[in-house]
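Below is one structure, written out as structure tokens, with a few remarks after it.
The values are calculated or read from the model by the stated rules, or taken from the named source; none is laboratory data. None of the values given here were measured: they were computed from a predicted structure. No Cβ is skipped: glycine too gets one built from the backbone with ideal geometry, and neighbour counts run over all protein chains shown. The accessibility values were calculated without ligands, DNA or RNA, using every heavy atom of the protein model including side chains. Shrake-Rupley method; radii C 1.70, N 1.55, O 1.52, S 1.80 Å.
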Amino acid sequence: MEFASGQEPSFAAQLRKTLNTIPAYTWYALPSGVLTFVNEGYANYLGLAKDDPLRHGVETTIPWDTHINLVHPDDHEETLKVGEACNRTGAAGQAAFRIRNAEGEYRWFLSRLEALRASDGTLLYWIGINLDIEELKRAEQQRKTAEDKIREQEIEFRQILDLTPEIIAVFGPHYRERLFINRKALDYFGLTLDEWRNTAPSALGHPDDSQRVQPIWERAMATGSAFEAEGRLRKSDGTYRWFLIRYNPVCDEAGQVLRWYVASTDIEDRKRDEERLERENAALREEINQAPMFEEIIGSSEPLRRVLSQVSKVAPSDSTVLILGQTGTGKELIARAIHKRSKRSGRSFIGVNCAAIPTSLIASELFGHEKGAFTGATQRRLGRFEAANGGTLFLDEIGDLPQDIQIALLRVLQEREIERVGSDRPIHVDVRILAATHRNLDKLVAEGKFRQDLLYRLNVVPVTMPSLRERAADIPTLVEYFIGRFGKKMGKKFRSVENETLKMMQQYEWPGNVRELQNVIERAVTLSDSEIFSVDPAWLKREPSEISQSGMALNGLLLAQEKEMIETALTQSRGRISGVAGAAAKLGIPDSTLETKIKRLGIDKYRFKSQSH
């Protein structure tokens, strides 16, 4: 096509200037195919002389296809084919081929040919853009070479793996492609190679194992990391055997997974031995649990045996236990015994004395706090609930909890969630709650000092520790135990216990219970210089052995009044002892104390039940 006077030179000059600014190698040719211009970058690559007409857009009579010798001989056919198609159809086209540079070396280019047309659709020029893809081609070739090498190695591996006694399988990068399985595996599953390739891996495993193994497998797929898991594989006869299954990825240089190698080792005999050992351990634990001693809970009296029987029954469950009893009866020992016989025994036992923590700090102590939650909170702190996660939390003196903490504790028991002070994000906790108190919680509920709904949540399984007076038969055993314990600690040995001391101890009321007995014996051992153990009578404050007739009369009157009050309470409760509506709650005393008084006063509690009909 011819241009109007002055049009072609200005248009061509503008086009050349534009192409010289493009970082790619560019050129243009007339519709006839005659090459007219190459930009500076391309001219330098080809090694054209400074005065070469193609640098300046001077029209030549040499068509582009005569420059085919610049293209690698192996690429001539593809290059001519694309050029001819563009000339024939007038449409754009592209091809990848190698072009020789000034030093005689070839590099790969992706060449794109576009038509530049006038507004009426007339073809003005062919514009060519060559993009250097040498590095991309090299990477592609390296990958292809790596894959070829892997394929060669796999042929050798398969021959070796067919001889191994383990079950071996090879999968593609996404585990969907089943590439290889050895002869041992096919014989075990009773499948042909084609049958195995059309069988989902999950169909060959035990259904009970999938929920455990699936999350591990998904993490490995996401990260491309090796892992192992124990699982059961189905044999051709329908039975299952345990295997240790190892998954190992093979990656390319870029870290992309190319293959998954899976090796399964038979561990059926080992699992059988483990099960046998577990049964033996369970039997041993049962034998230990039936032993008369529970940690430092010493004694064999009937009231104590009843408590320990309750402990044995409630410990394996996850039920909340409320331990009641006077101060010094050993409520924390009972809590520890429950924990050690529970399924949480391998995790933490965290004890908290609710009465010993200042009211302003108890929320932080139990639930933790975030940094800056209050003055002095310089860093995040985990509370006792998070410390006991997976284990047991023992809340001693639960009756002393403030009302606001009672509400928070009720939420924990209901939702199994806590919130740190200064945070509104709930945190799930898995904690078993054991609580204890020497106070009458029913009375506190009646006084509005303790939430009734919280009491219901805590009082799932109540366990009442008898006072030392109620288990007086255990006193000689306890005396002997504490003498031996403190004597060993202080390097002292005692041949016997003074008869008068033992008699005095058995007659004493022990208002401080076992804790008081322990303290008295420790003091006596510390101060003793004799091999005969004795206690100073002044240490035990007893009522006079001889009382006046008036005193006896007053005592009789008090006993009569006590009996009348108990019978009135039994009438109102229809003979019921425990519970919110029981006689013990009405009188404001522990159930065990009421049972003792009923027995001592000779009251027939069963006749009050008959009155209810």
Flag for residue 49 being in a loop (DSSP other than H, G, I, E, B), at pLDDT 85 or above, under 17 Å from residue 35 (Cα atoms) and over 60 Å from the mean Cα position of the chain (by Cα): yes
Hits in segment 126-155 (condition: open to solvent by less than 40 Å² (accessible area, probe 1.4 Å) and at pLDDT 85 or above): 126, 127, 128, 130, 133, 134
Residue 158 being open to solvent by 70 Å² or more (accessible area, probe 1.4 Å) and out of contact with any Cys (no Cβ under 8 Å at 6 or more places or on another chain): yes
Qualifying positions in segment 567-606 - closer than 24 Å to residue 453 by Cα, open to solvent by less than 70 Å² (accessible area, probe 1.4 Å) and not in a helix (DSSP H, G or I): 573, 577, 578, 579, 581, 582, 588, 589, 590
Residue in segment 267-280 that is of a type outside the set (D, E, K, R) and open to solvent by 50 Å² or more (accessible area, probe 1.4 Å) present: yes
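So that you can scan it fast, the table gives a plain yes or no per residue for (1) touching a residue at least 40 places away in the same chain (Cβ under 8 Å); (2) open to solvent by 30 Å² or more (accessible area, probe 1.4 Å); (3) in contact with a Phe, Trp or Tyr (Cβ under 8 Å, 6 or more places away or on another chain); (4) of a type in the set (S, T, N, Q):
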| residue | (1), (2), (3), (4) |
| --- | --- |
| 440 | yes, yes, no, yes |
| 466 | yes, no, no, no |
| 470 | yes, yes, no, no |
| 478 | yes, no, no, no |
| 508 | no, no, no, no |
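Can you go through 109, 97 and tell me which one is among the aromatic types (Phe, Trp, Tyr), at pLDDT below 90 and buried (at least 16 other Cβ atoms within 10 Å of the Cβ)?
97 is the lone residue from the list that is among the aromatic types (Phe, Trp, Tyr), at pLDDT below 90 and buried (at least 16 other Cβ atoms within 10 Å of the Cβ).
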When residues of segment 112-125 are limited to those that are in contact with a Phe, Trp or Tyr (Cβ under 7 Å, 6 or more places away or on another chain) and open to solvent by less than 50 Å² (accessible area, probe 1.4 Å), the one nearest to residue 70 (Cα to Cα): 113
Lone unmet requirement of (1) open to solvent by less than 40 Å² (accessible area, probe 1.4 Å); (2) modelled with pLDDT of 90 or more for residue 462: (1)
Some residue of segment 418-437 being of a type in the set (A, V, I, L, M), within 32 Å of the chain's Cα centre (by Cα), part of a loop (DSSP other than H, G, I, E, B) and crowded, with 17+ Cβ neighbours inside 10 Å: yes
Any hit, segment 113-123, residues being touching a residue at least 24 places away in the same chain (Cβ under 8 Å), among the β-branched types (Val, Ile, Thr) and part of a strand (DSSP E or B): no
